[in-house]
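The values are calculated or read from the model by the stated rules, or taken from the named source; none is laboratory data. Everything numeric in this text was worked out from a predicted model, so none of it was measured. We place every Cβ from the backbone using ideal geometry, glycine too, and count neighbours over all the protein chains shown. Side chains included, ligands, DNA and RNA excluded: accessible areas come from the protein's heavy atoms. Shrake-Rupley method; radii C 1.70, N 1.55, O 1.52, S 1.80 Å.
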Amino acid sequence: MTVFAQMVLAFGSVCVLLGLMAVVKRMAGTYGLSAEIQRKLVHIGTGMYALTLPWLFPDRWPVYVLVGVTLIVMLALRLPRIALGGLGSTLHGVDRQSYGDILLAIAVGLCLFLSEDQLVLYVLPIALLTLADAAAALAGTTYGRRFFRVEDGQKSLEGCVVFFAVALLLSMGCLMAMTTYLPSNIILLSLMVAGFGTLVEAVSWRGFDNLFLPLGILVFLASHGDRDIGALIFLAVLFAATLIGFRAVAPLVGLTNHAGRVYVTTVFLLLAVTSVHNALLPISVFLAHAWSRSTNPDKSAYPDLDVVAGIVILSLFWLTLGNATTWNAVSFYGISAMGMSLGFCVIALIPAPARVRLFGAFCVVAALVVIRIVSVVLNDPVQNWNGPMWGVVMVNLIFISTMTSRFTYLFSRFRVTLLAVVSTMTPVIVYCVETDLGGLL
């Protein structure tokens, strides 16, 4: 297929999406479809089309163009003046705030990029997101009788059961058809994927499951798909232990049940896809956030959930950047997480007297440096290809402590977003200079 034909197909795909939305809107007017059913019909149609992309386009770059154009269209549909005859209501007609349409497009692009030549890492996550998620939502809406609270609404146990059943069948089918794993591994992996996916879907908010679900499953399978049965059983036990541990700890630090389940999912994924010593700094961000929230509360609506979204997005950012350049980015990721932890701790210390602030900041930096030393010592040369980077670490910590102490008012709202950006600026600049991206600066 020629370059011109692929470009025409990419832009034509956007027209197909708009056409699907127009059909759903017409059906809603004719048959009185609810806003949730309209949204899920568009979700299913978009996801089913996304499953064909690896075969539809010989090259990957037209798909990224398609994703970019789709994002622009989705953002435009949120603006009242260019809502294209009310098509945006098929996505945004539900009462709760959701970024699901935008995150779905991002997830498709990231899954295709990160899966490389392993199609199962693309097909299975997108299939679960398309079919299991939609089935759970529709079953919960129609047949749900037993509900549990999440921060921005409620979800049903019936929907969770349907999600697990559909996810289990899809996982077993995809793994049998697209891999050479042993039958015992396929069964255990399918159970773990279905269980993990069900928990992610149950605890997600504002449409973040459209990003967390497929990327979490992709990273999990990429890291553990070829492990032996003993390692998989250990991982399942680790997940159960993490779940039980957080259920006991969550009330002690003032977390809601929903936030506690979100933390369990995130911490388990961190421990599952990277070594323990590299997961310590990201996990320390949660502890630092809990401290700052208790002494200097964030004005955001859901700060406990925002910090999870911040860590997940930061993790995906460094993972994608490392894959794009082929230069391992885990050490730079650790520097970013280290900066976020210090930022939260400095904010937590602001109400304290000056001497306490100084001593507390010193202790926090010392603890973070010790964790960093452990990570550097235990990482292999591939992960430490740029050395320990103590100069970069110190510059980043000084920059963050200055920003958070001098401009505290900026961090009273959107704290997580600002800290993520500020803590990543220095390591990103150094990474770009030291890798093949340096020529673009």
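Between Met394 and Phe113, the contour length at 0.36 nm per residue exceeds the alpha carbon distance by 97.8 nm.
Note on Phe148 and Val69: their simple-model spin labels are 4.3 nm apart, each label 7 Å out from Cα toward Cβ. Model label points for Ser405 and Val421, set 7 angstrom from Cα along the Cα-to-Cβ axis, are 2.3 nm apart. Phi-derived couplings, Karplus 6.51 cos²θ - 1.76 cosθ + 1.60 at θ = phi - 60°, listed residue by residue for region 305-315: 7, 4, 5, 5, 4, x, 5, 5, 5, 4, 5 Hz, with x used for Gly and Pro.
Entry note, the chain: the mean residue ellipticity at 222 nm calculated from DSSP H runs of n ≥ 4, each adding -39500 (n - 2.57), is -25000 deg cm²/dmol after division by the residues and rounding to the nearest 500.
Comparing Ser412, Val428, Leu368 along the charge dipole axis of region 354-441, the residue lying farthest to the positive side is Ser412, per the Cβ-charge model. Looking only at Val330, Val264, Val369, which one moves most when the chain is put into a Gaussian network model with springs between Cα atoms under 10 Å? Top of the fluctuation ranking is Val369.
This model, with +1 at the C-beta of Lys and Arg and -1 at the C-beta of Asp and Glu, gives the chain a dipole about its Cα centre of some 1280 debye. For the chain, a Gaussian network of Cα nodes joined below 10 Å ranks Glu158, Glu116, Glu201 by mean-square fluctuation, and the top entry is Glu116. The stretch between Leu182 and Ala165, if pulled fully straight at 0.36 nm per residue, gains 4.0 nm over its current Cα-Cα span. With N as its number of residues, the chain has a Cα radius of gyration that, divided by 2.2 N^0.38 Å, comes to 1.01. Protein heavy-atom surface of the chain, 1.4 angstrom probe: 71% of the accessible area is carbon and sulfur, with nucleic acids and ligands not counted.
Given q = 0.11, 0.12 Å⁻¹, what are the Debye log10 I(q)/I(0) values for region 153-255, with equal point scatterers placed on the Cα positions and solvent ignored? Taking Cα atoms of region 153-255 as identical point scatterers yields -0.38, -0.45. For the residues Ala136, Ala301, Ala50, a GNM of the chain with alpha-carbon springs under 10 Å puts the largest fluctuation on Ala301. Over region 339-396, all Cα pairs binned in 10 Å intervals from 0 give whole-percent P(r) values of 21, 44, 24, 10, 1, listed from short to long. Inter-label distance, Tyr99 to Cys363: 3.5 nm, where each label sits 7 Å from its Cα along the C-beta direction. A straight chain from Phe11 to Phe317 at 0.36 nm per residue would run longer than the Cα-Cα distance by 107.5 nm.
Relative contact order of region 274-422, please, whole-number percent, based on alpha carbon pairs below 8 angstrom and at least 6 residues apart.
Taking the mean separation of contacting Cα pairs over the length of region 274-422, I get 37 percent.
About its Cα centre, the dipole of region 276-398 is roughly 340 debye, where the only charges are +1 on Lys and Arg Cβ and -1 on Asp and Glu Cβ.
Solvent-free Debye calculation, one equal scatterer per alpha-carbon of region 286-328: log10 I(q)/I(0) at 0.15 Å⁻¹ equals -0.49. Rg/Rh for region 316-428 stands at 1.00; both radii use Cα atoms, and Rh follows the Kirkwood definition.
How big is the charge dipole of region 337-441 about its Cα centre, in debye rounded to the nearest 20, if each Lys and Arg gets +1 on its Cβ and each Asp and Glu gets -1 on its Cβ?
Values: 6 positive and 3 negative charges, 126 e Å.
About 600 debye.
Counting only alpha carbon atoms, the long axis of helix 229-249 and the longest principal axis of the chain meet at about 70°. Taken per residue, the accessible surface of the chain reaches 45 Å², heavy atoms only and a 1.4 Å probe. The C-alpha atoms of region 133-192 occupy a region whose extents along the principal axes are 41, 18, 17 Å, arranged from largest to smallest.
3J(HN,Hα) along region 8-21: 4, 5, 5, 5, x, 5, 5, 5, 4, 4, 5, x, 4, 5 Hz, from the Karplus curve 6.51 cos²θ - 1.76 cosθ + 1.60 with θ = phi - 60°, whole Hz, x for Gly and Pro.
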